[in-house]
Amino acid sequence: NDSILSRFQQYLQIDTAHPSPNYHKAADFIISQAKSLSLESRTIEFVKNKPLILLKWTGKNPDLPSILLNSHTDVVPVEPHKWSHPPFDAAIDHENGNIYARGSQDMKCVGLQYLEAIRKLKDAKFEPLRTIYLSFVPDEEIGGHDGAEKFANSEIFDEMNVGIVLDEGLASPEDYYRLFYAERCPMWLVIKATGAPGHGAKLYDNTAMENLLKSIESVRRFRASQLDMVKAGLKEEGEVVSVNMVFLKAGTPSPTGFVMNLQPSEAHAGFDIRVPPIADQASLERRIAEEWAPASRNMTFEYKQKVSVYGANGKPILTAYDSSNPWWSLIEEAIVKAKGKIGKPEIFPASTDARYFRMKGVPAIGFSPMANTPILLHDHNEFLNKEEYLKGIEVYESILKSFASFVEGKNGKDPLRDEL
Ligand SMILES: CSCC[C@H](NC=O)C(=O)O
Ligand SMILES: [Zn+2]
Ligand SMILES: [Zn+2]
């Protein structure tokens, strides 16, 4: 176990934080791991200096659709002085066994757990029927456009004939694991108010600030309605629309701050909105145009990013978790076999690279085996307990055994399993 943990620490110690991730160092590390496991590896730079590492364990029947284990190598930035342990030391707190590092939950844990599970399977002389691929992709944290998006839309991906993708999920503070079948779509909205400028002492209608504040009040009412449903236990976090104000920009700068007796003629606010694929996105867009940024109140709006909840086939982008998707019951059974508990299928509240694979029509399941763990992704003092990490490797071992041996019968069931 010491060497397993030490490999995890080595990966965590590579500083792949934005805005200048050390991707080459991470790539070298992954490739060295692949060599030690006799996996085929190739490095693909869809964009220069943004390597994607693709590993392959060829199955006995390579004509069957393959399994893709995806993880991203980048992490979000840190404010190091706000951490109790340096974020790229990956120190283990020996009192409780927690490993502190940026990426310990999101998601260097998962990338290495895949590899460690393969190491155990190889040691046990397991031979997969299906080919298993692993992709270590750049840039997830900044949208994945130069990573997973280009990969999922490449010929390389088509040739891989992927039948199922595993990608990241979230930690669970409870004793069960969480499985994600979809994710909310980001709409990054900037609303702009204009109005009549004037003396700071004058009360009059149609100032930019007043116009913007009316919108903010309206956004806040909507936000509260969504949050209340979660608080009342009527909806899960991923099932409501989230909207959070992320910036406010207004005022006339002066050498000492802002001019205090001038009402500005423009005011802007930015919102991070996330829409579940089960919501009515068109009606939200109408609300934005009519209530949050109405032209009648001298307002305009712009999307910095807007992802549609619908795929090319006009249907919401989600992975089935009913009997039409045999992988879902396989993963649930495999987790239970490894003595893990599972909660009900969820919608991931933020975005991951899984959406690019789902958009191609390939089922993708979001899963990070972290139970009994506070959710600390993107937070200070991100950590994962070493026992939880080791347990996760056993869970992946069980999943890979099941996925790699699965043969689909006529009714979507596995004839091999039926025999057993
Ligand atoms: C929408 S592109 C940004 C992706 C990012 N992913 C993880 O946090 C997120 O903000 O959800
Ligand atoms: Zn992530
Ligand atoms: Zn993240």
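The values are calculated or read from the model by the stated rules, or taken from the named source; none is laboratory data. Fair warning: this is a prediction, and the values are worked out from it, not measured in the lab. Quick reminder, even Gly has a Cβ in these numbers, built from the backbone with ideal geometry, and neighbours come from all protein chains shown. All accessible areas refer to the heavy atoms of the entire protein, side chains included, with ligands and DNA or RNA removed. Shrake-Rupley method; radii C 1.70, N 1.55, O 1.52, S 1.80 Å.
Miscellaneous remarks
- Candidate set: region 356-378, residues that are in a strand (DSSP E or B) and away from ligand 3 (no atom under 15 Å from the Cβ); chosen: the one farthest from Lys82 (Cα to Cα): Ala364
- Residue match in region 230-252 (condition: closer than 25 Å to Ala196 by Cβ, of a type outside the set (Gly, Ala, Ser) and touching a His at 6+ places or on another chain (Cβ under 6 Å)): yes
- When Lys306, Lys344, Lys339 are checked against the criterion of being closer than 30 Å to Thr207 by Cα and modelled with pLDDT of 95 or more, a single residue qualifies: Lys306.
- Test for Leu64: is it open to solvent by less than 60 Å² (accessible area, probe 1.4 Å) and within 16 Å of ligand 2 (Cβ to nearest atom): no
- In region 251-265, the residue that is farthest from Asn211 (Cα to Cα) out of those that are in contact with a strand residue (DSSP E or B) (Cβ under 7 Å, 6 or more places away or on another chain) and surrounded by 11 or more Cβ atoms within 10 Å (Cβ to Cβ) is Thr252.
- Filter result (in a loop (DSSP other than H, G, I, E, B) and buried (at least 19 other Cβ atoms within 10 Å of the Cβ)) within region 379-407: Glu382, Phe406
- Residue ID - farthest from ligand 1 (Cβ to nearest atom), chosen from residues in region 62-105 that are acidic (Asp, Glu) and either more than 13 Å from His378 (Cα to Cα) or in contact with an Asp or Glu (Cβ under 9 Å, 6 or more places away or on another chain) (or both): Asp63
- Any chance Ile191 is away from ligand 3 (no atom under 16 Å from the Cβ) and either in a loop (DSSP other than H, G, I, E, B) or surrounded by fewer than 24 Cβ atoms within 10 Å (Cβ to Cβ) (or both): yes
- Those residues of region 186-200 which are more than 16 Å from ligand 2 (Cβ to nearest atom) and out of contact with any helix residue (DSSP H, G or I) (no Cβ under 7 Å at 6 or more places or on another chain), in sequence order: Met187, Trp188, Val190, Lys192, Ala196, Pro197, Gly198, His199, Gly200
- Checked against (1) within 22 Å of Ala34 (Cβ to Cβ); (2) open to solvent by 10 Å² or more (accessible area, probe 1.4 Å); (3) assigned to a strand (DSSP E or B), Ile156 meets all criteria but (3).
- Annotation: of all residues in region 88-104 being open to solvent by 10 Å² or more (accessible area, probe 1.4 Å) and under 23 Å from the mean Cα position of the chain (by Cα), the one that is nearest to Ser172 (Cα to Cα) is Asn98.
- If you filter region 301-344 down to residues that are open to solvent by 60 Å² or more (accessible area, probe 1.4 Å) and assigned to a strand (DSSP E or B), you find that the one that is farthest from ligand 1 (Cβ to nearest atom) is Lys341.
- In region 66-84, the residues that are free of Cβ contacts under 8 Å to residues at least 60 places away in the same chain and farther than 16 Å from Tyr356 by Cα reach residues that are away from ligand 1 (no atom under 16 Å from the Cβ) and of a type outside the set (Gly, Ala, Ser) with C-beta atoms within less than 8 angstrom, at least six apart or across chains, in these pairs: Pro80/Pro86; Pro80/Pro87.
- Identity of the residue in region 126-144, part of a loop (DSSP other than H, G, I, E, B) and on the phi < 0 side of the Ramachandran plot, that ends up most open to solvent (accessible area, probe 1.4 Å): Glu127
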